[in-house]
Every structure is written in C-alpha cells, then in structure tokens.
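Below: the structure, in structure tokens.
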Amino acid sequence: MRLQKLLPFMKMRNFDGALISPGTNLYYLTSLHIHEAGERLTVLAVNSNGEYHLLAPNIYENVISDFPVTFWRDGENPYGKLAEILKELSILSGRILVENTMRADWLIGILKLGSFEFHPLSILMRELRMRKDAGEIRLMEKAANVVDEVFEEILGMDLIGMREKDLALKIELLIRERSDGISFEPIVASGENGANPHHAPGERKLRKGDLVTLDYGAKYKGYCSDITRTIALGKPDKKLLEIYDVVKNAQENAFQTVREGIKAKDVDKAARDYIAEAGYGKYFTHRTGHGLGLDVHEEPYIGPDGEVILKNGMTFTIEPGIYVPGLGGVRIEDDVVVHGDKGKRLTRAERELIQL
C-alpha cells in the first residue's frame, strides 16, 4: 500500500495528520474503490506516525475488508464518530493536510472538532503521483491503445450528415466496449465550432469541407488516456490546411524537446514559439499540455509558467491548437511519457491530416 510513502513527506514538512476524502488520491494511497459518497461523510484520517483509520457509511460494509474502518448509519452523527477516530489518532490540533476536493459542508463540520491549520493535500500528493512506475505506465499504455483503436473505428464511419452529439455518443460507446469507461465527455467540434477548444457536441451536422476535431479519452484500471485528432471531410479551406500543418509541426517540435532535466515550460515554449512565428500566436489560447494519470488533468502542467523539472516516469499530454473564430480550429494531442531521458508517445494514431 502506497500510504506509507506519504509519511516521510508529512514529517519533512511538519504536518501532524491528513484527512483524505474519496477520490483518486485515496485510491492511489490505499487501492480502495470508493465512489464519490455524495452527502455521506467519508474520510480517511492519517497521523504522522503512520496510523490510520477510515470513517465510511455502512453502504460500503460489503466493499471494505481488511482495513481499519468505522461505519456509520443514516440517522447517526458521523462527526461524533470522526471525533473519536481523531482522538484515538491524536489528531486534535496542528497542521493538517486536507483533500483539495473535500466538500465544504464536511470541512465546516470537521473544523468544529479541533484546532486545525488546514493545508491542501495536493502539495504532497503531486510529488508522489507525478512520476509513474512501470506498472502504472503499462496501464496508461493500455488506455492509450483503446483511443487509438477507436480512432480507426471512426475513420470507417459514414460521417457526412451525422450530428456532432451522435458521433460523440458513438465514441463513448466504443470506448466503453474496450475499457472501464471514458476519462471525460468526448468533444466533437465541426466546422466553425472547431474554434472553441472545449466545444460541447451539439445538433450541427458534419458536412463536406469540414475539419472535425475529436478529443476523447479512456480509463483502464483507473488510469486515463486523452487524445485529439483533427480530420477533414473532403477538401477543407486552404487556410485550414495551412493551420493544420502549423499545429502538426508545433506538436512535433514540442515532442522532440521532451527530455529529462528540462522544465515543463520549455516544452510549451517549443510549440508556442513555432505557432507565433507562423503568425497564429493569438489563436493559441491554452497551455500546451497537462499531466495525466489517475486524473485526466494533474501535474505536471505544460504551460508558460511550468517550473516542474521533467523526470523519467512523468506522463503528460502535448496538445497545441489554433482556433480562428468564424473559420474553425485544429488541435493534435498525444500522451507522452519521459522514458530513457526522452519523450515516448503512448498514443500512436496517425497525425498526418486524413481526408475522408
């Protein structure tokens, strides 16, 4: 169990305990599959000596075994039970790490149980989670293989006349057939809608001359993939063809820059400078990439302010894009791991423009 790896970091930074609610950090540290518990208080308490105890609603009695846990039932006061756990672990005051995504009402209730100085758990967890081990990378490769396969399936479809929302649904179903499910809601942006990086698929029907941006991801045993490809339906506008080449070359520049020891912002700069030199700088409106793992967005972030020094085992996306209002857009995204001191693509679908 990875929970023991957290303790040296806690002691080094003088933290007295941690309160961890359901989410990917809890799964990473304990391998416990606890879905978001909604309004029912669920917290793992950990002290600086490595002792830990979970408070969970009784709906998980048949799920959690061989783990120190106190269950509570509807109608009981869970904060009273949590107070007993905190007393047992001597977590009644001091510097306490709290899960970033913990519900506000839970946090307010916990504040009444002691004299705490709260700090975000992420300041330690990002150090643990940024570098993946060989087993984690194998799972991410599986998730990447799924999205590559789905891309091939898309290319075989009769896309002309299909609504964006219908294609998004087909992509989701193809992912679910091959994996544990989607890592985020698929994006299908056609024609002028491609100028919106996070366009929500709608009623617009795909037509000849469109560039269509497809952004989707899979989960495999908890680990995420995230790919974007932009395809053409027939022959698109010459300007869009030019934009496609700029984005493709910028993405390759960024990928070739990846190596151990550089800063994340150096990868961003390689893509951003190329796009700016081509005259499209103002149309590249987001960072070049983001970390990838149990969450589809995590550290390290590949942006202009990315100070993280890349190390072997770090996984992230490289996804520059150009978005021109009224015309359309292009984004090309791959999942990358720092491996053998350089970048290795996990997603391998065709990056040359495919015209259907």
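List of remarks:
- Take the conditions (1) surrounded by fewer than 24 Cβ atoms within 10 Å (Cβ to Cβ); (2) part of a strand (DSSP E or B); Pro201 misses just one of them, which is (2).
- Summed over segment 1-46, the residues that are open to solvent by 40 Å² or more (accessible area, probe 1.4 Å) and within 19 Å of the chain's Cα centre (by Cα) give a count of 5.
- When Ala56 is tested against (1) open to solvent by 10 Å² or more (accessible area, probe 1.4 Å); (2) out of contact with any Lys or Arg (no Cβ under 6 Å at 6 or more places or on another chain), exactly one condition is not met: (1).
- Counting only strands (runs of 3 or more DSSP E) that sit wholly inside segment 267-356, those with at least 1 residues that are among the basic types (Lys, Arg) are 328-331, 342-345.
- Some residue of segment 223-237 being surrounded by fewer than 21 Cβ atoms within 10 Å (Cβ to Cβ) and part of a helix (DSSP H, G or I): no
- Number of residues in segment 170-183 that are open to solvent by 40 Å² or more (accessible area, probe 1.4 Å), farther than 16 Å from Thr347 by Cα and either β-branched (Val, Ile, Thr) or in contact with a strand residue (DSSP E or B) (Cβ under 9 Å, 6 or more places away or on another chain) (or both) equals 2.
- Checked across segment 185-199, the condition of being out of contact with any Pro (no Cβ under 9 Å at 6 or more places or on another chain) and of a type in the set (A, V, I, L, M) holds for no residue.
- Test for Ile243: is it in a helix (DSSP H, G or I) and buried (at least 23 other Cβ atoms within 10 Å of the Cβ): yes
- Within segment 344-356, tally of residues that are crowded, with 23+ Cβ neighbours inside 10 Å and not β-branched (Val, Ile, Thr): 1
The values are calculated or read from the model by the stated rules, or taken from the named source; none is laboratory data. Just so we're clear, the structure is a prediction, and the values are computed from it rather than from any experiment. Because the Cβ atoms are built from the backbone with ideal geometry, glycine has one as well, and the counts that use them run over all protein chains shown. Note: areas computed on protein heavy atoms with side chains; ligands, DNA, RNA excluded. Shrake-Rupley method; radii C 1.70, N 1.55, O 1.52, S 1.80 Å.
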